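The values are calculated or read from the model by the stated rules, or taken from the named source; none is laboratory data. Note that the structure is predicted; figures quoted are calculated from it, not measured. Here the Cβ positions follow ideal geometry from the backbone for every residue, glycine too, while neighbour counts run over all protein chains shown.
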Amino acid sequence: MFFEGLSRLDAIFWGYVAFFLILFSGVVLTFQSRFVQFTQIPLIFKTFWACLSHKKEPQKGVHPVKIFFASTGGMIGIGNVVGITTAVQFGGPGALFWIWVAGVIGAILKYSEIYLGLKFRVENAHGGYDGGPMFFLKQAFRSPAIPFVVAILLCLYGVEIYQFTIIADSVSSNWHFNRTFVVLLLLLAILWAALGGVSRIGKISLWIIPVFLQIYAVMGICIIVSEASALPAMLAKVIHSAFTGHAAVGGFAGSTMLLAIQHGIARTAYSADIGVGYDSIIQSESSISVPHTQAALAILGVLIDNFICTLTILVVLLSGAWLLEGEGTSIIQAAFSTYFPYMDLFLPFFYIVTGYTTLIVYFCVGLKCCRYLFPRHGKALYLFFGCWMFLFFSYTSQSKALLVMSVAGAMLLIINLIGIFRLRNEISFFDSSVELKN
């Protein structure tokens, strides 16, 4: 009964409210910025390389490249590989079109969110900064109640139960390890990394994410090239079903245009953390004093995330795996097993490595939010709460865990986007005449 209620709430949030807010606020900010996510791509890459070449460690805050990879580590991973497949499972091929739409307008929303987080951040007692929606929403609503609610939701969202459950499922079923052993070992690894703060997480992600991107991109592109003759027809089907829905076929139950929009935008927002607020907290710890520099890197992160999501969906569509019934992990395994051997051995390892970066980034954000709510005992409270949540949901279905994350994400997105829209005149969008400094 509880999860049925959540499911109805999730459909209302993503099918009507969140969908409208993302499109409306994204279009308004796109025009206000003069289409900066399109026109300034070369400058964004130039900013990244300038930050990458700056090797000196800062005296206050965390190096911008470590922040970038900590942020990207939270986005890139299981959400792009497993979570995004549910968009096609329930929304049909047309969901891919709405994934692209959400990525384009989501980039400017992410820029705005990061910019405001940096602009209204405060120095903390640990030689760094605290920022994020709790701080800029105070300016948007002039009330401590909204930031308090957002901090509570982020504490819940910070325990990434969906990806935790996927790793436990995949490792225990494919490698035949004891499930309890897998759960406890993964939990200890999360606590070790998250307690080291954003700097430690940035170092871990700096080693993992580039390797992941290269391996996954090569595998995905190889599959797409091998199915190149079917690609034009599939892309035509994507565009057509984006506006008409898709009839039932194989194990696919059929979908409407509304379902394609709902699941395409919802899963992209979850994958790229658009408007959710966690990324603003992470990136507010950057040593960079100019907000639009770190915000520009955030646009690059969303573009990379959308590219990985696109590869995943195309592989699932071209292989025909989207017509199968089952959890996202089984769909992905079926898709890649069609082209590569030993996927039952490789994919669990893949999920561990890529999911780990997301789990530790989220948990670190949850810790910071709980300390915001309870300065004295927040750390201990969150450790207890997080461990309980991971243990409880590791023995439930992936769909239930994803549903909890989806509803919490939708509530955060609705509050944050309203706040960002109210503060839109506080945002400065860079252009080609601005020299970005790191």
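Observations, loosely collected:
- Yes/no for SER226 being more than 27 Å from VAL171 (Cβ to Cβ) and at pLDDT 90 or above: yes
- Yes/no for TYR278 being touching a Phe, Trp or Tyr at 6+ places or on another chain (Cβ under 7 Å), among the aromatic types (Phe, Trp, Tyr) and within 30 Å of ILE415 (Cβ to Cβ): yes
- Of the criteria (1) within 22 Å of the chain's Cα centre (by Cα); (2) closer than 30 Å to HIS126 by Cα; (3) not β-branched (Val, Ile, Thr), which one LEU185 fails: (1)
- Filter result (surrounded by fewer than 20 Cβ atoms within 10 Å (Cβ to Cβ) and among the β-branched types (Val, Ile, Thr)) within segment 305-331: THR310
- For segment 385-416, the set of residues classified as more than 15 Å from the chain's Cα centre (by Cα), under 30 Å from SER25 (Cβ atoms) and among the small types (Gly, Ala, Ser) consists of SER399, ALA401, listed by residue number.
- Counted residues, segment 83-97 - those being under 12 Å from SER271 (Cα atoms) and in a helix (DSSP H, G or I): 4
- Breaking point among (1) on the phi < 0 side of the Ramachandran plot; (2) not in a helix (DSSP H, G or I); (3) not hydroxyl-bearing (Ser, Thr, Tyr), for GLN214: (2)
- Checked across segment 249-267, the condition of being of a type in the set (Lys, Arg) and either within 28 Å of VAL404 (Cα to Cα) or touching a Ser or Thr at 6+ places or on another chain (Cβ under 7 Å) (or both) holds for at least one residue.
- Any hit, segment 362-372, residues being aromatic (Phe, Trp, Tyr), surrounded by fewer than 17 Cβ atoms within 10 Å (Cβ to Cβ) and either in contact (Cβ under 8 Å) with a residue 12 or more places away in the chain or touching a Gly at 6+ places or on another chain (Cβ under 8 Å) (or both): no
- Looking across segment 340-360 at every residue that is of a type in the set (Ser, Thr, Tyr) and surrounded by 16 or more Cβ atoms within 10 Å (Cβ to Cβ), the one that is nearest to TYR278 (Cα to Cα) is identified as THR358.
- Boolean, THR72 is among the hydroxyl-bearing types (Ser, Thr, Tyr), on the phi < 0 side of the Ramachandran plot and surrounded by fewer than 24 Cβ atoms within 10 Å (Cβ to Cβ): no
- Scanning segment 11-61 for residues that are over 18 Å from HIS292 (Cβ atoms) and among the β-branched types (Val, Ile, Thr), we see that the one that is surrounded by the most Cβ atoms within 10 Å (Cβ to Cβ) is ILE22.
- Condition broken by THR165, with the remaining ones in (1) modelled with pLDDT of 90 or more; (2) surrounded by fewer than 24 Cβ atoms within 10 Å (Cβ to Cβ); (3) of a type in the set (S, T, N, Q) satisfied: (2)
- Meets criteria (small (Gly, Ala, Ser), within 16 Å of TRP14 (Cβ to Cβ), touching a residue at least 40 places away in the same chain (Cβ under 8 Å) and touching a Phe, Trp or Tyr at 6+ places or on another chain (Cβ under 9 Å)) for GLY91: yes
- Meets criteria (among the aliphatic types (A, V, I, L, M), out of contact with any Gly (no Cβ under 7 Å at 6 or more places or on another chain) and free of Cβ contacts under 8 Å to residues at least 40 places away in the same chain) for LEU381: yes
- Restricting attention to segment 192-229 and to residues that are of a type outside the set (A, V, I, L, M, F, W, C) and under 20 Å from THR310 (Cβ atoms), the residue that is farthest from the chain's Cα centre (by Cα) turns out to be SER229.
- Test: residue in segment 254-267 that is exposed (fewer than 14 other Cβ atoms within 10 Å of the Cβ) and over 26 Å from the mean Cα position of the chain (by Cα): yes
- Members of segment 249-293 that are under 25 Å from GLY73 (Cβ atoms), of a type outside the set (Ser, Thr, Tyr) and assigned to a loop (DSSP other than H, G, I, E, B): ASP273, ILE274, GLY275, VAL276, GLY277, GLU285, ILE288, VAL290
- Unmet criterion (only one of (1) surrounded by fewer than 19 Cβ atoms within 10 Å (Cβ to Cβ); (2) assigned to a helix (DSSP H, G or I)) for ALA296: (1)
- In segment 312-352, residue modelled with the lowest pLDDT [restricted to those that are assigned to a helix (DSSP H, G or I) and more than 20 Å from ILE166 (Cα to Cα)]: LEU323
- Single unsatisfied condition, SER7 versus (1) among the hydroxyl-bearing types (Ser, Thr, Tyr); (2) within 26 Å of TYR356 (Cα to Cα); (3) at pLDDT 85 or above: (2)
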